[in-house]
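Peer 1: Take a look at the following structure, please.
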Amino acid sequence: MTLTLEHVTVDAADAGKLAQFWAQLLDRTVDPEANEYFATVGRGEGAHPVLMFIQVPDKTPGKNSIHLDLVADDWTEQIARAVALGAEHVADYDEYGTKWTTLRDPEGNLFDIGCGM
């Protein structure tokens, strides 16, 4: 038997609100049962992995240990779009033959958007 990645789970203060940010960024929909305690993105569309957001009383301080790496051919436009949706631009990198930008979602979780070209 092999393992399959089913969900990427994100701790949140408001699960529904954070799910909405990620759904807009990824051009997906928030699944209908979403609320401030629990929300998923992509399950109804058959996406894998499904993004799952769960309200937790205290998030672990410091850097999140897991983050999403996204890629796009129009990466500068996608970075601007993420910022317009509420992300914070952290830094740009050009290392190891790869270009990417690190951002923070509205609750401070880091994620990267890389150049797909």
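Peer 1: Checking TRP100 against (1) open to solvent by 40 Å² or more (accessible area, probe 1.4 Å); (2) in a strand (DSSP E or B); (3) closer than 19 Å to PHE21 by Cβ; (4) not basic (Lys, Arg), which single condition isn't satisfied?
Peer 2: (3)
Peer 1: Is it true that TYR37 is within 14 Å of ASP11 (Cβ to Cβ), open to solvent by 40 Å² or more (accessible area, probe 1.4 Å) and among the hydroxyl-bearing types (Ser, Thr, Tyr)?
Peer 2: Values: within 14 Å of ASP11 (Cβ to Cβ): yes; open to solvent by 40 Å² or more (accessible area, probe 1.4 Å): yes; among the hydroxyl-bearing types (Ser, Thr, Tyr): yes.
So TYR37 fits the description; yes.
Peer 1: From (1) touching a helix residue (DSSP H, G or I) at 6+ places or on another chain (Cβ under 8 Å); (2) among the basic types (Lys, Arg); (3) in a loop (DSSP other than H, G, I, E, B), pick out the condition that doesn't hold for ARG43.
Peer 2: With respect to (1) touching a helix residue (DSSP H, G or I) at 6+ places or on another chain (Cβ under 8 Å); (2) among the basic types (Lys, Arg); (3) in a loop (DSSP other than H, G, I, E, B), ARG43 is out only on (1).
Peer 1: Additional query: Hey, any hits in segment 20-28 for a residue that's in a strand (DSSP E or B), buried (at least 19 other Cβ atoms within 10 Å of the Cβ) and within 13 Å of the chain's Cα centre (by Cα)?
Peer 2: Keep residues of segment 20-28 that are in a strand (DSSP E or B), which gives none.
No, the conditions are met nowhere in segment 20-28.
Peer 1: Test ASP31 against the stated conditions and say whether it is at pLDDT 90 or above and surrounded by fewer than 16 Cβ atoms within 10 Å (Cβ to Cβ). Spell out how you get there, then give the answer.
Peer 2: Values: at pLDDT 90 or above: yes; surrounded by fewer than 16 Cβ atoms within 10 Å (Cβ to Cβ): no.
No: the conditions fail for ASP31.
Peer 1: Tell me which residues, restricted to segment 34-84, are under 13 Å from the mean Cα position of the chain (by Cα) and modelled with pLDDT under 85.
Peer 2: Those that are under 13 Å from the mean Cα position of the chain (by Cα) and modelled with pLDDT under 85: ASN64, ILE66, HIS67, ASP69.
The values are calculated or read from the model by the stated rules, or taken from the named source; none is laboratory data. Model, not experiment: these values are computed from the prediction. Using ideal geometry, Cβ is built from the backbone for each residue, glycine included, and neighbour counts are taken over all protein chains shown. Accessible surface is based on the protein model in full, side chains and every heavy atom, while ligands, DNA and RNA are left aside. Shrake-Rupley method; radii C 1.70, N 1.55, O 1.52, S 1.80 Å.
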